[in-house]
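What follows draws every value from the coordinates through simple rules; no lab data is involved. Small disclaimer: the values here were computed from a predicted structure and weren't measured. So basically every Cβ, Gly included, is an ideal-geometry build from the backbone, and we count neighbours across all protein chains shown.
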Amino acid sequence: MISEIGIQNFKSVRDLVLKLGRVTVLIGENGSGKSNILEAIAFAAAAAANKLDPEFLANRGIRVADETWMRSAFSGDDEIIRLSVKGTGLEPIFECEVGPKTRDQDGSFSGWVVSAPVLRQEVYEALQEESFAREIAEALKRMESQRPDRPSKKMEVRTAVKRQLRRVLAASSLRIKKRARLGDNAVVLGLADFMVYAPENTTLRNPPPESAIQPLGTKGEGLIKLLQSFADPKFSDRLQAMKDSLQLFSWFDDFRAPDESAAAQARLQICDRWLAPDRAFFDQRSANEGFLYLLFYFALLMSWRTPPFFAIDNVDASLNPKLCSTLMTQIAGLSKKYEKQVICTTHNPAILDGLNLKDDEQRLYAVGRDSEGHTTVRRVRAPQPQPGEVPVRLSEAFMRGLIGGLPDNF
């Protein structure tokens, strides 16, 4: 599981560290940078795969803009985006730098260049390893044979130049090795397939062609085909668990995904327990919008084919407040049961009442902007009422401005 995300110079984020739980919820006023945090993580995953073209970024759920607006635009910031990801155990640390590449002819943007940072201490430690030191010594010898020292140079000057060149070669070699490992490190950490999901009603009702990223697109593409996979007898328990979870809707009785022969129709059969038997089934075009969103979320959480680590932007969309609270409790339970890690954003206070902040795997952050406009995060801890006091619900604390995340200019 991922424990920490570091972001520098991405959109509204200048320098931010977010320590994650299994379920992490972000609250904050509009424009505070919640979605930018999610997109920075997706950008890191895309960088690991070296797929930073606009189409691929959009398929990961990133709002693609001109490269100037993908980088921090604050005064004094440099043009390099820096991203790091740490696990909870002995997993490797993922670190990358992404900068713009320009055309020689006119200096215009032509793409992104991904590299791996190397610290001076890393160079020193690497040179203590015999095999690496030998590799650098051989490279230095080859270089010296091609560019012999001038006889006029003093010995101490030649020695100093040689020492500096050795460090430069070592840093360059380390950078190449670390860059080559980015993809593997992302897979080990569970970062490689990270996406920002924001399902849309139209897409869920009338599925378009499948997303370029399988098995589930960020807007809901591929949902019906993914539901077909739950028909595998090996996963019948997950299918039943999904149907049990959907009992949150009092009218729901059952659903059936089309079999492979009818897959082209892309039509679910949804059963309303209160309708006449001969008319009880209807497809997703007639379904309640909230039902379709929950069906999407449960499939995302329960499927063995969806990413182990992902985000849901505006998880409260189209949901009744009480349903929001229950959904958040369900997300916490299902993510643990099916070994998923989730980041959610919300504007609905009811979502917070589904969290148990006494469980360290469930975390809440208030996102805001500091006096210079940079996105910041502050962890909200479980309330600690005084003896005899009635605990304040998180939704109420949110609305009263006690935990942050609300505008303070009106």
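Odds and ends about this structure:
- Likely footprinting exposure, 177, 34, fewest C-beta neighbours within 10 Å first: 177, 34
- Sorted by Cβ density within 10 Å, fewest first, the residues 369, 273: 273, 369
- The chain - share of DSSP beta bridges that are antiparallel (%, nearest 5): 70
- In the chain, a dipole from Cβ-located charges (positive for Lys and Arg, negative for Asp and Glu) runs towards its positive end, and of 274, 206, 145 it is 145 whose Cα lies farthest in that direction.
- A Förster radius of 60 Å, combined with the Cβ-Cβ distance separating residue 269 from residue 409, puts the computed FRET efficiency at roughly 0.75.
- Euclidean distance of C-alpha centroids, segment 76-132 and segment 13-48, integer Å: 19
- Backbone amide hydrogens, once placed in the peptide plane, bring residue 344 within less than 5 Å of 24, 25, 26, 312, excluding anything fewer than 5 places away on its chain.
- Ranked 252, 298, criterion: other C-beta atoms within 10 Å, fewest first: 252, 298
- For residue 61, residues with placed amide H under 5 Å, excluding near neighbours: 196
- Base-10 log of normalised Debye intensity for the chain (one unit scatterer per alpha-carbon) at q = 0.14 Å⁻¹: -1.27
- Helix-derived mean residue ellipticity, 222 nm - over the chain, DSSP H n ≥ 4, -39500 (n - 2.57), to 500: -11000 deg cm²/dmol
- Segment 271-410, dipole about Cα centre (Lys/Arg Cβ +1, Asp/Glu Cβ -1), debye to the nearest 20: 260
- Relative contact order computed over the chain (Cα-Cα under 8 Å; 6+ residues apart), in percent: 21
- At an R0 of 41 angstrom, the distance between the Cβ atoms of residue 74 and residue 159 translates into a FRET efficiency of 0.40.
- Amide H within-cut-off set for residue 13, under 5 Å, with H built and near neighbours excluded: 375
- Partners of residue 234 within straight-line reach, counting lysines whose Cα lies under 29 Å from its Cα and excluding those fewer than 8 residues away in the same chain: 219, 225, 243, 336, 337, 340.
- Separation of alpha-carbon centers, segment 265-281 and segment 322-398, rounded to whole Å: 36
- Spin-label model, residue 369 to residue 168: label points 7 Å out along the Cα-to-beta-carbon direction sit 4.3 nm apart.
- The chain, dipole about Cα centre (Lys/Arg Cβ +1, Asp/Glu Cβ -1), debye to the nearest 20: 1380
- Full extension of the segment from residue 142 to residue 229, taken as 0.36 nm per residue of separation minus the current Cα-Cα distance, would add 25.6 nm.
- Spacing of the two label points (7 Å from each Cα toward its C-beta) at residue 329 and residue 124, in nm: 5.4
- Nitroxide proxy distance, nm - points 7 Å out along Cα→Cβ at residue 109 and residue 381: 4.2
- FRET E, pair residue 53, residue 305, Förster distance 25 Å, beta-carbon r, rounded to 0.05: 0.55
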